[in-house]
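Asker: For reference, the structure I am asking about is given below.
What follows is calculated from the coordinates using simple rules that are stated; it is not laboratory data. Being a predicted model, the structure only gives us computed values, none of them experimental. Here Cβ is always computed from backbone atoms with ideal geometry, including for glycine, and neighbour counts include all displayed protein chains.
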Amino acid sequence: MPDTNSPRPVPAALLATLRSIVGDRGLLTAPSDTAAYAEDWRRLYRGRTDAVIRPASTREAAEVVRACAEAGVAVVPQGGNTSMVGGAVPAEDGSELVLSLARMNRVRDLDPVDLTLTIEAGVTLKAAQDAAAAQGCLLPLSIGSEGTAQIGGILATNAGGNNTVRYGNARDLVLGLEVVLPDGRIWNGLRRLRKDNTGYCLRQLFVGAEGTLGVITAAVLKLFPQPVEVEVALCAVPSPEAALDLFTRFQRHDAASIQAFEYMSGAGMDLVLRHIDNARLPLAQTAAHYALIELATPRPQAGLRATMESLLAQAMEDGIVDDAVLAENTSQRAAIWHLREEHSEAQKRAGASVKNDVSVPVSRVPELIRRAGAACTALMPGIRVVPFGHMGDGNIHFNLAQPEGMDAAAFLARDHDIMDTVGEVVRDLDGSFSAEHGIGKLKPYMMPDWRGGAELELMRAIKHAVDPRNLMNPGKIFP
Ligand code: 2HG
Ligand code: ZN
């Protein structure tokens, strides 16, 4: 076994070549500058790297990848470094270089007739949404880390988020891609066609590949008309079953207007109210379960307010909603979403947590919440069960916070036990062990069990065909 702690420095000649390609501004080598790129947001992994390379153009990125390939040095593509599974951290031995796309942050084109946005990988999701909104369009991808996460990383990891229930995942929004291949060639697939049926769909190979097949440098994304009516409600509900019933009622009434349908547990909301500044519950009292509903439409006078009010009034009469509040304006909408979006940060501040980004068929979400909760409590009495997430698409973040007072390291040492306990229930419900966060460095060990046989063999064959020397983001996805 190689000693992962003994350093394997990158050849000085390669660093000189890279500097000649990207210039001084494009190469960070001081440990104080590179450290933040070598550690993940959750602080599960701390790697080491001799340099962070920051190309300013596709041509520079391609030359960088070619130079690294010729030197046999592996590259870790990195966007906003917001991975929940350590998908963008370099190895501990310092043998890999980080390729940051942050300086490739231009909007190349926005066409409001074609409803397409051609954009470079380093643009943050928030900046991309704003660019679309400035032209009366909607880029319907929304995740908690959108101010930091970048388009390249979002596509490489096939991010999901809050609007999947209506618009699908990141891969459903991609029409075209530009990719630097592991040998430094550029594949320009930046086509903005709604129909293009020409053999294997290569762009979908790179979406969700987590940077193991190449570096996404630009993309063409689908846009939609900007909604003119938006309604957001926060509901206290008596049970996960009631939340599901509520979702079904909205779906039957007008599925096309559901922009998001999120579930939160009382435990998660309590952590947000305790740890997050400006978090205030706009309901009379706390509850054991909550649902957040967002309806939106580009149709004028669609009457979404009336829809929301009448469905919620009926739901209260039927006992599936205990209390509800409707946002009156944009800032109230943002305040309600703040309670949901700060769940990850609140859990981080509350101590160690083990995350299970899982999905099951939507109809089985309540059973997942109950059974996995009971199983985790049986495994570790006092464990704090904090499920929340995208109920409308079946993706629940079945997160567990350490028991109060327990040593964080002792809790984290049990992470596989906890993940396997949740995994057993998920498997029984025909679900997936990774719904939207991907595999990264955290979950490769689960791949043989969940995706073994022909599926994993095919993935390995593709990896070998595209990156035979394993120089693109090694150590991710594959065990
Ligand atoms: C979310 O939905 C993110 O907020 C993060 O996917 C979930 O912290 C998590 O587990
Ligand atoms: Zn999520």
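Asker: Once Lys and Arg get +1 and Asp and Glu get -1 on their Cβ, which of 68, 406, 116 lies farthest toward the positive end of the dipole of the chain?
Answerer: The Cα lying farthest towards the positive end belongs to 68.
Asker: If you rank 386, 179, 354 by fewest surrounding Cβ atoms within 10 Å, what's the result? Before the final figure, lay out the partial values.
Answerer: Working: 386 25, 179 31, 354 21.
Listing 386, 179, 354 from fewest to most nearby Cβ atoms yields 354, 386, 179.
Asker: Nearest 10 degrees, 0 to 90: what angle lies between the long axis of helix 330-341 and the longest principal axis of the chain (Cα atoms)?
Answerer: Relative to the chain, helix 330-341 is tipped by roughly 70 degrees.
Asker: In debye, nearest 20, what is the charge dipole magnitude of the chain about its Cα centre with +1 on Lys and Arg Cβ and -1 on Asp and Glu Cβ, if you could check?
Answerer: On the way: 47 positive and 57 negative charges, 233 e Å.
Dipole of the chain, to the nearest 20 debye: 1120 debye.
Asker: How much net charge surrounds residue 123 when only the other residues with a Cβ under 12 Å from the Cβ of residue 123 are counted, with Lys and Arg +1 and Asp and Glu -1?
Answerer: Values: positive: 103, 106, 108, 126; negative: 120, 130, 146.
Once all neighbours under 12 Å are counted, the net charge is +1.
Asker: Rank-order 460-471, 413-424, 42-53 by packing density, defined as the average count of other C-beta atoms within 10 Å over each peptide's residues, highest first. Intermediate results must be reported in sequence, preceding the final value.
Answerer: Numbers: 460-471: 14.1, 413-424: 17.9, 42-53: 20.7.
Result, highest mean Cβ count within 10 Å first: 42-53, 413-424, 460-471.
Asker: Taking 0.36 nm per residue of separation and subtracting the Cα-Cα distance, what length does fully extending residue 273 through residue 314 add?
Answerer: On the way: separation 41, 0.36 × 41 = 14.76 nm, distance 2.89 nm.
Computed gain between residue 273 and residue 314 is 11.9 nm.
Asker: Oh, and also: What does the net charge come to around residue 305 if you take all other residues with beta carbon closer than 14 Å to its beta carbon, with K and R at +1 and D and E at -1?
Answerer: Numbers: positive: 299, 333; negative: 229, 231, 254, 294, 309, 328.
Net charge in that neighbourhood comes out at -4.
Asker: Take the Cα gyration tensor of region 1-127, multiply each eigenvalue by 5, square-root it, and list the three semi-axes largest first, rounded to whole angstrom. It would help to have the intermediate numbers written out before the result.
Answerer: On the way: eigenvalues 153, 68, 27 Å².
Taking √(5λ) for each Cα gyration eigenvalue gives 28, 18, 12 Å.
Asker: For the residues 28, 99, what sequence is obtained by ranking on other C-beta atoms within 10 Å, fewest first?
Answerer: Numbers: 28 21, 99 26.
Placing the least packed residue first, the sequence is 28, 99.
Asker: Multiply the residue separation of residue 378 and residue 478 by 0.36 nm, subtract the distance between their alpha-carbon atoms, and state the gained length in nm to one decimal. Working shown, then result.
Answerer: Values: separation 100, 0.36 × 100 = 36.00 nm, distance 3.14 nm.
That pair, residue 378 and residue 478, stretches by 32.9 nm at full extension.
Asker: Hey, another quick one. Once fully extended, how much extra length lies between residue 114 and residue 299, figured as 0.36 nm per residue of separation less the alpha-carbon to alpha-carbon distance? Show your work: numbers first, answer last.
Answerer: Details: separation 185, 0.36 × 185 = 66.60 nm, distance 1.90 nm.
Between residue 114 and residue 299, full extension yields an extra 64.7 nm.
Asker: Using the Cα centre as the reference, give the magnitude of the dipole from point charges on the C-beta atoms of region 168-214 (Lys, Arg: +1; Asp, Glu: -1; all else neutral), rounded to the nearest 20 debye.
Answerer: 260
Asker: Show the residues, 5+ positions off or on another chain, whose built amide H is closer than 5 Å to the amide H of residue 99.
Answerer: Distant-sequence amide H within range of residue 99: 53, 76, 78.
Asker: For the residues 309, 231, 70, what sequence is obtained by ranking on other C-beta atoms within 10 Å, fewest first? Mind dumping the intermediate values first?
Answerer: Numbers: 309 15, 231 23, 70 12.
Arranged by neighbour count, lowest to highest, 309, 231, 70 become 70, 309, 231.
Asker: What 222 nm value per residue comes from the helices of the chain, counting each DSSP H run with n ≥ 4 as -39,500 (n - 2.57) and dividing by all residues, nearest 500 deg cm²/dmol? Write out the running numbers ahead of the final one.
Answerer: Details: 17 runs with 164 residues, N = 479.
Theoretical 222 nm ellipticity from helices: -10000 deg cm²/dmol.
Asker: Using a simple spin-label model with points 7 Å from Cα along the Cα→Cβ vector, what separation in nm is obtained for residue 464 and residue 36?
Answerer: Placing both labels 7 Å along Cα→Cβ, they lie 4.1 nm apart.
Asker: What is the Cα centroid distance between region 253-305 and region 417-479, reported in whole angstrom?
Answerer: 32
Asker: So, one more: Packing-wise, with mean Cβ within 10 Å as the measure, how do 204-215, 155-166 rank, highest first? Don't skip to the answer; put the middle values down first.
Answerer: Details: 204-215: 23.3, 155-166: 25.0.
Result, highest mean Cβ count within 10 Å first: 155-166, 204-215.
Asker: In the structure displayed, which of 443/463; 348/441; 355/476; 222/355; 195/222; 126/476 lie more than 21 Å apart, Cα to Cα? Don't jump to the answer; show the numbers that get you there.
Answerer: Numbers: 443/463 17 Å; 348/441 19 Å; 355/476 18 Å; 222/355 31 Å; 195/222 13 Å; 126/476 27 Å.
Long pairs (Cα-Cα over 21 Å): 222/355; 126/476.
Asker: Let me ask you something else. Among 354, 326, 338, whose Cα projects farthest towards the positive end of the dipole of region 319-462, with charges put on the beta-carbon of Lys, Arg (+1) and Asp, Glu (-1)?
Answerer: Going by the charge dipole, the pick is 354.
Asker: State to the nearest 20 debye the size of the charge dipole of region 124-186 about its Cα centre, where the only charges are +1 on K and R beta carbons and -1 on D and E beta carbons.
Answerer: Details: 4 positive and 5 negative charges, 22 e Å.
Here the size comes out at about 100 debye.
Asker: Based on Cα positions only, what radius of gyration and what Dmax would you give for the chain, in angstroms?
Answerer: Rg and Dmax of the chain, Cα atoms, are 22.7, 73 Å.
Asker: Add +1 for every Lys or Arg and -1 for every Asp or Glu among the other residues with Cβ under 14 Å from the Cβ of residue 289, and state the total. Show your work: numbers first, answer last.
Answerer: Working: positive: 340, 370; negative: 241, 245, 262, 270, 322, 323.
Local net charge: -4.
Asker: Once Rh is set to the Kirkwood radius over Cα pairs, what Stokes-Einstein translational diffusion coefficient, in µm²/s, holds for region 1-63 at a temperature of 10 °C and a viscosity of 1.306 mPa s? Each step should come with its number before you reach the end.
Answerer: Values: Rh = 13.1 Å.
The estimated diffusion coefficient comes to 121 µm²/s.
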